[in-house]
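One structure is given below, encoded as structure tokens.
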Amino acid sequence: MELSGLWRLQQFEVGQARPLEVAAAGLDDRFWITAAVPGDVHSALIERGLIDNPYFGHNDAKSRWIEQKEWWYRYAFNYSFQADRDEKHELTFEGLDTFATIYVNGKEIGTTNNMLMGYTFDVTRVLVDGKNTIAVKFDPLYLHNRDKELFQWSSYTKERPWLRKAAMNFGWDWGPRMVTVGIWGKVHIERRRLAKLDSVFARTAALNESSASIKVDVDVIALRKDVERECEVRLLTQEGDIFASLREPVTGQATLTSRATTNTLTLDVVNPKIWWTHDLGEPYLYALEVLLYANGELVDRYQKPFGIRTIELQLQNEQGEHAFAFLLNGVKLFAKGANWIPADHFIGSIPDQRYRDLIDLSVGSNMNMLRIWAGGIYEKDVFYEECDMRGVLVWQDFAFANALFPDFNQDFMDNVRKEVIYNIKRLRNYTSLALWCGNNEIDWLYDMKSSGGDINCPFWGEVIYHELIPEALELLDDSRAYWPSSPFGGNDANDPDVGDRHNWQVWHGSVYPRQFGDAPLLDYSIEGVTFKNYKKDFTLFSSEFGMHASANRYTLEKNIPDGQFYWNSVEMAYRNKDTNHQKGILLMEGYTGIPSNIEEYMNFSMLTQAEGLKYGIEHYRRNKHRTSGSLVWQLNDSWPGTSWSLIDYELLPKASFYYAKKFYHPLLLSLDHEPGQPLQVWAVNDTLDALQGEVVLSVYNFAGELLFSHAFQAEVKPNAAVYLGSLEERDVLNGSSPDQVVVKLSTAAWDAPDNLFYLRDQKDLKLPPAELEVQVDEAAQTVQITANGAHARLVKIDVPQGNLRFSDNFFDLLAGEQIIVHVSDPAGGKVSLNNVSVSAMNL
């Protein structure tokens with residue numbers, strides 16, 4: 001029985017309410033407001049018009065009072081209850097944020113102290129037949145950490161290390177402080193009889209071309225001792241047919257201290273369909289069903305999608321050299337993806353469709369991996385379910401980010417241990433889950449901060465990532481690798497020669513190389529932050545890197561007060577939570593030049609981000625014999641700000657997203673070139689098929705005239721990057737100037753998109769004024785654009801609506817070239833194109 005929907009909500013000053021009165025079953029709460037569950041207090045107050053939307057202007061500062069209050073939720077429901085010693089009734093909260101006391105019919109049944117896990121309570125003795133009432137009291141956080149030690153290091157605020165709560169609630173360099181409270185997960189009551197399934201763990205133990213072995217651990221809790229118990233395990237096809245099954249007796253109750261009590265059943269299947277990422281094949285999912293019988297009676301059932309696949313983390317290649325590569329079903333994968341932050345600051349109120357839209361966009365930009373960043377939450381089930389269905393691998397951080405944590409405190413460690421166990425059990429059956437990672441940047445930053453003199457204390461928290469978590473995983477998940485931190489490995493935790501790496505030379509100006517113990521250096525100069533530094537990086541796996549770009553016009557105008565939407569306004573600056581705004585200026589100064597108005601800022605920042613990511617990722621992919629992945633920081637936004645995201649808060653992709661459709665395409669044609677140097681041509685093939693045919697390099701001037709063309713004969717092995725040859729810059733120019741041409745790589749031999757390159761930076765190009773001919777077809781939902789007379793740079797289509805999809809946007813057109821762009825609403829509605837606007841940087 002799900003208890004979601006509209007609950008009652010009321011605020012109190014701390015100590016004002018008498019808990020037993022407010023929790024009493026007969027309390028008259030008709031004057032309380034209603035609030036959605038799952039949800040949060042902020043969203044309820046916004047929906048009822050009691051606070052202004054915190055995302056508009058500076059309104060977030062006006063809602064800070066919410067975190068100082070005591071909040072109560074109440075819910076009344078009818079329940080059919082008969083006392084039966086063979087039955088138990090359990091109340092489960094999948095998410096409580098954060099310090100809660102729960103009452104049922106006026107009886108206090110328990111307390112919670114962790115947002116990042118669910119809680120289950122036995123309510124058999126307090127439920128009644130008929131009307132029942134649940135009350136939940138939430139304490140303000142300060143009551144629980146005001147007397148706690150403040151550590152020398154906790155990024156963005158020193159109050160959070162003692163609190164098991166989403167770190168980004170306290171503000172980060174891409175979002176505001178928004179300390180939420182409320183019931184953020186589903187609530188339900190389950191009736192149990194005789195026995196129950198405590199947990200199920202299924203994984204592919206062996207796999208070859210014709211068969212697979214599936215190991216299923218079943219933990220059973222007996223509610224009565226004198227009961228015979230059996231389990232039936234079935235694997236069902238998508239058509240509902242039984243593909244494999246077995247039925248065996250089961251005994252005992254599994255505990256963490258004794259694996260011997262776990263019941264292990266093995267399904268052997270012949271000629272199974274294999275789960276692949278969407279770029280390598282079909283992400284086929286069976287349904288795994290576990291039926292529990294007690295004395296012949298069906299008393300519990302588990303059913304979830306299940307993909308047959310193996311996933312390994314290769315840390316050493318065939319030559320015995322260091323590596324960091326994922327092997328999916330034995331195939332070495334180039335991980336193409338991004339880092340995921342919570343899809344909204346108001347986590348409890350995020351609609352499931354928002355998750356589906358973001359993952360659909362990820363697949364649309366050819367991503368095959370998303371990293372759940374440690375400063376948010378262990379994501380909702382819908383996220384993993386969608387990744388399973390869409391064929392996207394998940395790198396899962398544990399929720400420890402950029403701080404020291406009190407691993408010397410037993411109560412804290414008991415809390416963390418429960419959180420770790422809960423989330424391992426909850427997530428380990430998802431096919432898409434590829435890696436567990438202990439924390440975000442803590443090992444690396446602890447060394448840098450202690451070496452630089454910022455802190456001089458022990459590595460508090462080290463026991464969590466290097467002892468507690470790996471020990472729990474050894475007991476609970478033997479099917480995937482664990483990595484202690486990101487980045488991690490080598491002579492510095494961010495060593496390009498060992499493990500994974502975060503490249504923050506670009507944007508943040510971190511100076512490399514360094515080793516453990518070296519004081520960190522920052523270079524805030526054009527040369528220090530430029531994306532040209534990506535080409536110096538021969539990392540094994542780049543798990544975090546990126547640069548800022550503006551949000552789209554619609555997103556900014558919607559959330560900025562009238563008269564403030566201009567370059568360098570106070571409100572525009574407030575959208576940027578990074579520590580030093582000068583970094584973005586330096587990046588643009590080096591590539592596009594410094595903007596002089598808001599339109600130039602949007603264009604210049606978006607183009608710099610897009611071209612910079614293209615520059616770096618194509619470099620990584622050309623070196624795929626060594627580099628095995630790139631995860632951009634970051635995919636999405638949690639509020640309408642300017643950040644590193646590829647998709648802004650209104651689910652409108654930036655220029656970099658459309659670039660990613662090409663630089664993450666499984667088939668890539670790439671040019672390695674610097675001013676005055678030869679043009680080196682590459683073909684990258686991430687598929688499992690060999691490629692053969694011509695790759696053509698063409699050079700055009702900005703009037704559309706073909707100046708030069710050369711065909712390379714290409715033979716590209718499966719899953720390989722091949723150097724095709726080089727041409728001297730002076731030869732391809734054919735007498736023209738390098739600042740007045742564009743280079744195109746294309747092939748008719750396989751399905752690789754055309755790729756355009758410029759031989760000089762944007763600020764140095766001599767682009768003539770473009771003239772665009774635009775025809776809008778409302779009925780067909782298309783926009784046809786023709787570049788008349790001159791090359792058009794960064795053609796942009798704007799429609800004043802959020803969550804729109806364009807078949808292409810932020811593209812270049814050769815002189816005389818025409819494109820038809822399809823516009824769609826993912827919800828299926830018709831898009832009004834009456835106010836469409838089309839522009840280019842050189843109009």
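Restricting the calculation to Cα atoms, the stretch 721-803 yields a radius of gyration followed by a Dmax of 17.1, 49 Å.
Each residue of the stretch 286-303 is assigned a 3J(HN,Hα), and the resulting list reads 7, 10, 9, 10, 10, 10, 9, 10, 10, 6, x, 9, 5, 10, 7, 9, 10, 8 Hz, derived from the Karplus form 6.51 cos²θ - 1.76 cosθ + 1.60 (θ = phi - 60°), x at Gly and Pro.
Note on Asp731/Lys830: beta-carbon distance plugged into 1/(1 + (r/R0)^6) with R0 of 60 Å gives a FRET efficiency of 0.70.
Expressed as a fraction of 2.2 N^0.38 Å, the value expected for a compact globular protein of N residues, the C-alpha radius of gyration of the stretch 5-190 is 1.09. Of interest is the spacing of the C-alpha centroids, which for the stretch 297-376 and the stretch 468-504 amounts to 16 Å.
Take each peptide in 147-160, 435-448, 460-473, count the other Cβ atoms within 10 Å of every residue, and average; sorted highest first, the result is 435-448, 460-473, 147-160. When Rg and Dmax are taken over the Cα atoms of the stretch 771-839, they come to 11.9, 38 Å. Our Cα-only numbers for the stretch 625-692 put the radius of gyration and Dmax at 15.8, 46 Å. Spin-label model, Arg193 to Gln353: label points 7 Å out along the Cα-to-beta-carbon direction sit 3.9 nm apart. For the stretch 669-764, the alpha-carbon coordinates run over 40, 23, 21 Å along the three principal axes, in decreasing order. In this rough spin-label picture, where each label sits 7 Å from Cα along the Cβ direction, the Gln16-Gln303 distance is 4.8 nm. Backbone geometry of the stretch 613-628 corresponds, through the Karplus equation with coefficients 6.51, -1.76 and 1.60 at θ = phi - 60°, to 3J(HN,Hα) couplings of 5, 4, 4, x, 6, 5, 4, 4, 6, 4, 9, 5, 5, 10, 8, 10 Hz, x marking Gly and Pro.
The mean sequence distance of close C-alpha pairs (under 8 Å, at least 6 residues apart), as a share of the length of the chain, puts its relative contact order at 9 percent. Between Gln775, Ile526, Ile421, the Cα set farthest toward the positive side of the dipole of the chain (charges on each charged residue's Cβ, about the Cα centre) is that of Ile421. Computed from point charges on the beta carbon alone (+1 for Lys and Arg, -1 for Asp and Glu), the dipole magnitude for the stretch 771-839 about its Cα centre is near 180 Debye. Residue-wise HN-Hα couplings along the stretch 746-753, as the Karplus relation 6.51 cos²θ - 1.76 cosθ + 1.60 with θ = phi - 60° gives them from phi, are 8, 8, 9, 7, 8, 8, 9, x Hz; Gly and Pro carry x.
For the stretch 194-306, taking the reciprocal of the average inverse distance between every pair of different Cα atoms yields a Kirkwood hydrodynamic radius of 14.9 Å.
Near the amide H of Phe488, within less than 5 Å, lie the amide hydrogens of Asp500, all on another chain or at least 5 residues away, with H placed in the peptide plane. For the residue pairs Lys624/Lys661; Lys654/Lys796; Lys62/Lys148; Lys336/Lys661; Lys614/Lys661; Lys158/Lys577, alpha carbon separations beyond 20 Å are given by Lys62/Lys148. Ordering Trp639, Tyr658, Ile377 by Cα displacement along the dipole of the stretch 333-664 toward the positive end leaves Tyr658 in first place; charges were set at the Cβ atoms of Lys, Arg (+1) and Asp, Glu (-1).
Pairs of alpha carbons in the stretch 578-629 separated by more than 18 Å make up 42% of all such pairs. Distance between the pseudo-spin-label points of Glu471 and Lys661 (7 Å out from Cα toward the beta carbon): 5.1 nm. Across the stretch 333-664, the fraction of Cα-Cα pairs farther apart than 39 Å, rounded to a whole number, is 11%. Note on the chain: helix-only mean residue ellipticity at 222 nm, from DSSP H runs of 4+ residues weighted -39500 (n - 2.57) and normalised by residue number, equals -5000 deg cm²/dmol.
Place a +1 charge on the Cβ of each Lys and Arg in the chain and a -1 charge on the Cβ of each Asp and Glu, then give the dipole magnitude about the Cα centre in debye, rounded to the nearest 20.
1260
Using +1 at the C-beta of Lys and Arg and -1 at the C-beta of Asp and Glu, which of Ser628, Ala222, Pro675 has the Cα lying farthest in the positive direction of the dipole of the chain? Working it through, the farthest residue towards the positive pole turns out to be Ala222.
Between the alpha-carbon centres of the stretch 743-814 and the stretch 47-77 there is a gap of 43 Å.
Listed peptides 611-617, 693-699, 386-392 appear in the order 611-617, 386-392, 693-699 once ranked by packing, highest mean of other Cβ atoms within 10 Å at the front.
All of the numbers you see were taken from the coordinates with simple rules; none came from a lab. Everything quoted here is computed from the prediction, not taken from an experiment. Here the Cβ is made from the backbone with ideal geometry for all residues, glycine too, and neighbour counts use every protein chain on show.
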